[in-house]
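Chemist: Below is a structure I'd like to ask you about.
The values are calculated or read from the model by the stated rules, or taken from the named source; none is laboratory data. Bear in mind that the values here come from a model prediction, so they are computed numbers and not experimental data. Neighbour counts run over all protein chains shown; Cβ positions are idealised from the backbone, glycine included.
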Amino acid sequence: MTARTVVAIASLAMAWPLAGCASFYEIPVETPIQAKIDVGAFQRVLVAGFLNGGSQSIDVNAETARLLRSQLRNRQELRVIDADVIPLVEEMDERLGLTPPGQETDETARFEDEKALEAHAAILKDAAYWKQIGDEYQQPLIVTGTVFFNEVSRSGVVSRPQTYVDQQGIEQYRTVREYSDMHGYALSPNFVFIDGRTGEQLYTEAYHEEVLYPTSQNTPPLSSYFELMDKVLPSFLNTLSTQKIRGSRVLLK
């Protein structure tokens, strides 16, 4: 028997009774994730409105502005300004000569894909325009951007749970894979944060989320929109304020 083996056996013998006496306990922990931009210079936030396209089933501009304002009110770091949503598509239509001044336009029907929004997205970099908006609302932090919400279809092999009864007569679950046609929605927001004092962009962040259902399932577009926004909101809020991720750790005593 070598010296190394003797030491290993002795260490194991010492550890065994200690392990028997040890106890494990779980403690909650919170991990802070720092905000992506410093909003200390602002007391107010204006969710101005969004260039939007895709499905005509819901008003994505109004719904997004309404939802973000609601979420920001719950955070209480900045006072949310109540104002009409700015029709950015109409503003750019007039600039590009697509509609006469003052005439309303159908915001969603024309933008069937995200590329069609590119020409209108120039307004998001117009510092003079946003400084004017900022001066009107006492120089707040401004939230704007683009939101594209559209229907998607996918086909392929998917996994689903299936029940069966084993030899003992007990119901069990197993995973089966099968080819299926799926239908759902995709959400692609690009949030732009603008300094209302200068009109300059402070930060931008883009997202893409999809949700799919069996073709036999009829899910309202608005329900899918909120389901997708739920995935985006934590990161959006973390842009403006420090978030705490809750978890737990197991300690040995």
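Chemist: Based on what the data block shows, is THR175 over 13 Å from the mean Cα position of the chain (by Cα) and surrounded by 13 or more Cβ atoms within 10 Å (Cβ to Cβ)?
Modeler: no
Chemist: Shifting gears a bit: When you go through ALA22, ALA13 one by one, which is the residue that is surrounded by 10 or more Cβ atoms within 10 Å (Cβ to Cβ) and modelled with pLDDT under 85? Spell out the reasoning first.
Modeler: Numbers: ALA13 fails: surrounded by 10 or more Cβ atoms within 10 Å (Cβ to Cβ).
One residue alone meets the criteria, ALA22.
Chemist: Within the stretch 32-83, which residues are in a loop (DSSP other than H, G, I, E, B), farther than 23 Å from LYS125 by Cβ, out of contact with any Pro (no Cβ under 9 Å at 6 or more places or on another chain) and at pLDDT 90 or above?
Modeler: Listed by number, the residues that qualify are ASP59, ASP82.
Chemist: Which of the residues spanning the stretch 152-196 are at pLDDT 85 or above, among the β-branched types (Val, Ile, Thr) and within 26 Å of SER223 (Cα to Cα)?
Modeler: The answer is VAL152, VAL192.
Chemist: Still on this structure, please answer the following. Consider ASN52 carefully, then state whether it is among the polar types (S, T, N, Q) and either crowded, with 20+ Cβ neighbours inside 10 Å or within 19 Å of ASP135 (Cα to Cα) (or both).
Modeler: So ASN52 passes the test.
Chemist: Follow-up. Of the residues ASP126, ASP181, ASP166, ASP135, which single one is among the charged types (D, E, K, R), over 27 Å from the mean Cα position of the chain (by Cα) and surrounded by 10 or more Cβ atoms within 10 Å (Cβ to Cβ)?
Modeler: ASP135
Chemist: Could you list, in sequence order, all residues of the stretch 199-253 that are at pLDDT 90 or above, touching a helix residue (DSSP H, G or I) at 6+ places or on another chain (Cβ under 6 Å) and not hydrophobic (A, V, I, L, M, F, W, C)?
Modeler: Within the stretch 199-253, GLY199, GLU200, TYR207, GLU209 meet the criteria.
Chemist: Taking the stretch 189-209, which residues are within 16 Å of the chain's Cα centre (by Cα) and surrounded by 20 or more Cβ atoms within 10 Å (Cβ to Cβ)?
Modeler: Our first condition is that a residue be within 16 Å of the chain's Cα centre (by Cα); within the stretch 189-209, this holds for 189-193, 203-209.
Hits for the stretch 189-209 are PRO189, ASN190, PHE191, VAL192, PHE193.
Chemist: Let me ask something else. Regarding the stretch 87-106, can at least one residue be identified that is within 21 Å of the chain's Cα centre (by Cα), more than 22 Å from TYR137 (Cβ to Cβ) and at pLDDT 80 or above?
Modeler: No, because not a single residue in the stretch 87-106 is within 21 Å of the chain's Cα centre (by Cα), more than 22 Å from TYR137 (Cβ to Cβ) and at pLDDT 80 or above.
Chemist: Looking at (1) surrounded by fewer than 17 Cβ atoms within 10 Å (Cβ to Cβ); (2) more than 24 Å from ILE133 (Cβ to Cβ); (3) touching a residue at least 40 places away in the same chain (Cβ under 8 Å), find the lone condition where LEU212 falls short.
Modeler: Looking at each condition in turn, LEU212 falls short on (1).
Chemist: Using the structure shown, decide if ALA109 is loosely packed, with under 13 Cβ neighbours inside 10 Å, at pLDDT 95 or above and farther than 22 Å from HIS208 by Cβ.
Modeler: Here the answer is no, as ALA109 does not meet what is asked.
Quick grid of which residues meet (1) touching a residue at least 24 places away in the same chain (Cβ under 8 Å); (2) touching a Leu at 6+ places or on another chain (Cβ under 7 Å); (3) within 30 Å of ASP195 (Cβ to Cβ):
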| residue | (1), (2), (3) |
| --- | --- |
| ALA116 | yes, no, yes |
| LEU124 | yes, no, yes |
| GLN139 | yes, no, yes |
| THR144 | yes, yes, yes |
| THR163 | no, no, no |
| ILE170 | no, no, no |
| ARG174 | no, no, no |
